[in-house]
Every structure is written in C-alpha cells, then in structure tokens.
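Right, one structure below, let's go through it.
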Amino acid sequence: MFWPKELLSKQESVSSIPLLVATQDRFISILDVSDKSPDSWKNVLHETKGLPPNLFLKHLMVLSDLGGEPFKRLRPELPRIFSDDKMIFLWQGASHTYTFKQITDGGRLDSTSLFVDGKSLAIGHDLDAAMEDVIMLLLFGAAATNARLPDVIGDKCMIGSLIGRKPELQKFVRQRYILVSRITAGATANSLGQITQDYVCELLRKDLPKWKITRNGRIPGISQNAGNTDMNFDVVAKAPSNRYFAIEVSYQVTTNSVIERKAGQAEARATLLHKAGHKISYVIDGAGNFERIAALRTICSFSDCTVAFTPSEIKVLVEFLIEQA
C-alpha cells in the first residue's frame, strides 16, 4: 500500500504473493471437486478462469514448501528413482499408475523452465508435460509404492491425500499461508531492490537522453581497499561532459540494515567522489527508512542532492544533474 502506483505492477511481476492470495479460494475449490480420479484436476483446471496452470503449480510448490531449486537438485536422480518412467501410488484406497511424460527424460527442471518465476506468473502459461509431471509428483509422491523420493522432498508431496476433503484442505492451506513459505519470501528482497533502481534509471533516461545511465555501475578511478576493488553504485549517470554522478537508491517499507549500511559508507564515498570532481546523490523513501532518523541525517550531510521516490522528486534530481554537469 506504500508503493508508488508506477512501481506496483513491476513489483507484482516478481512477487507471487498477491497472485497466490487472490487465487487461494479458487485453488482450494479445484482440489475439492477433483476427486473422481487422480488427474481430474486437469479437466477442472482447464475449465477454470483466472487460475492458469503455472499458478496452480506455484500454489502446490508453496504448500509443499518445495521451490524450483530442490527440483533442480532432484532432476539428475529422477531417471534412477523412476527407472521405468512410472509412479505407482495409493490414493483413496486403490493403486494408480502415472507415466511421466518429460521430467525423467532430461532437460532443465527449475523455476524458469516450469514457468513459476515472477514474470511467467504475471502472464500465465498453459499446461505442458513437465508441469503436469511435477504437479502429479507434488500431489502423490509421498504415496508412491514403487519408488522412494529423498525424505526432504518425498514427505512433503502429500497434498493429493487432501483432495475432496475441503475442511482439512482449507485448514492446511490457511496454515501454510499464515506461516508464509520460504519460497514466497525468497523472490522479493533482491528483486525489489533492483526494480527501484531500474525505475530511477528509466526516469533519468527519459529526461536525459544524451546521458549514459547504468544500474550497478562503476566510476573510473573510484575504488576502495587501496585501489584493489572498484566501487559499485546503485546507479551511475555519465554526462556528455564526461562528469560522473553516483546515485544510491533505497525504498524500504519495513526497517532493515540497508539504510544503516549506506549511512556508514556516505562520508567515505562523498570524499572520494568530490576529490575526483564527481557528485553523489540519494533517492530515499519508505516508512522503514524514515524510522532510521540518525542514518538519514548522516546521509543528507554527505549527499549533494537527496530526493524522495516520486516522479516529481526525480525531476528535482534531473535538474540538479543538468545544473552540475
């Protein structure tokens, strides 16, 4: 609720949480009515609007606490575990057989190839062979009788046992989302930091078409550790006059140590840049940052231009860059 509207859609493209929360009831309903056969979910999912197959798979991954990385590690073992490409499992008191279509044949098996990365979730993706294989494994892997998955994975692949049992399924889903799986937490911190930097770069490029704007850039001659390590800045703006401007970016809704780190570096960075004839600016916003008053005061003391995170404030930064170039 604190993000500028221009950033909201970009943020949602890397964070699966809004999509998962919005489609939670629909996901539960699909599993509740898919109790005729182990793969009934396919037909129900096909007839359901607003829940693409890759998002259905993401729900299962979050509930199982299994992301793309565990499957990536499991991938080389699958041909050995399922040597005949079949998974025989018990479900509703009967034995069933599923024949894997792809995941035992080679190829990648990670978040991108399964279309459960942030960008793919934002646009949706049709069901393919690998996705179907992983869905069936997540649903029924714990009930397999002809193979044994590693305990760290196999014990979690039990959601199929809840199909058609809505009260138990609802309780399980609600508890899992209250805990907030590590999978959903892992997608955001670094990606959202990059989004804020990219957003600043976009606005600067729009108003400074002849300038070179670089995210995570370096400035010639500016280094640390006695010249052994080049110093990186969130954004570097190079004017047509060859003058450089370092720009540090931080937008934090919740308080953390990033702003303290930037404050600790502020004096040394300003000294190095000023000695070389360059400038340093900061784009800072978010309630989390504003709670660190002492850190903000330090940054402002060693900043040539400090602005907030809105288009109008970035305009102030642009005017400063042009004036100082």
Would you mind checking LYS86/LYS166; LYS210/LYS279; LYS238/LYS279; LYS49/LYS166 for any pair whose Cα atoms are more than 22 angstrom apart?
LYS86/LYS166
Cβ-defined net charge surrounding VAL249, 10 Å radius [Lys, Arg +1; Asp, Glu -1]
-2
How large is the accessible surface per residue of the chain, computed with a 1.4 Å probe and reported in Å² as a whole number?
49
Report, ordered by chain and residue number, the aspartates and glutamates lying within cross-link reach of LYS262, taken as a straight Cα distance under 18 Å and ignoring same-chain residues fewer than 8 apart.
ASP230, ASP234, GLU248, ASP285, GLU291, ASP304
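Which peptide among 27-35, 42-50 comes first, and what is the full order, when sorted by highest mean count of other Cβ atoms within 10 Å? Present the calculation step by step, with values, prior to reporting the outcome.
Numbers: 27-35: 18.4, 42-50: 13.1.
Ranked from most to least packed, the peptides come out as 27-35, 42-50.
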Taking the alpha-carbon distance from LYS315 and a cut-off under 13 Å, which aspartates and glutamates remain once sequence neighbours fewer than 8 residues away in the same chain are dropped?
GLU202, ASP207, GLU323
Identify which of ALA239, ALA287, ALA94 has the largest mean-square fluctuation in a Gaussian network model of the chain, with springs joining Cα atoms closer than 10 Å.
ALA94
Would you kindly work out the equivalent ellipsoid of region 1-153 from its C-alpha gyration tensor and give its semi-axes, the square roots of five times the eigenvalues, largest first in whole Å?
28, 19, 12
Rounded to the nearest percent, how much of the accessible area of the chain (1.4 Å probe, protein heavy atoms only) is carbon and sulfur?
51
Listed residues LYS315, LYS275 arranged by accessible area, highest first, probe 1.4 Å:
LYS275, LYS315
So which lysines can LYS171 reach, going by Cα to Cα under 21 Å and dropping same-chain residues fewer than 8 places off?
LYS58, LYS156
Largest fluctuation, SER64, SER250, SER83 only, Gaussian network model of the chain with Cα springs under 10 angstrom, belongs to SER83
Counting only residues 5 or more apart in sequence or on a different chain, those whose built amide H sits under 5 Å from that of SER223 are MET231
Using alpha-carbon pairs under 8 Å, 6+ residues apart, how would you state the relative contact order of the chain in percent?
15
Quarter of Cα convex hull surface for the chain, i.e. mean projection, nm²:
20.0
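The values are calculated or read from the model by the stated rules, or taken from the named source; none is laboratory data. In this text, all values refer to a predicted model and were calculated from it rather than measured experimentally. Using ideal geometry, Cβ is built from the backbone for each residue, glycine included, and neighbour counts are taken over all protein chains shown. We work out accessible area using only protein heavy atoms, side chains counted, and drop any ligands, DNA or RNA first. Shrake-Rupley method; radii C 1.70, N 1.55, O 1.52, S 1.80 Å.
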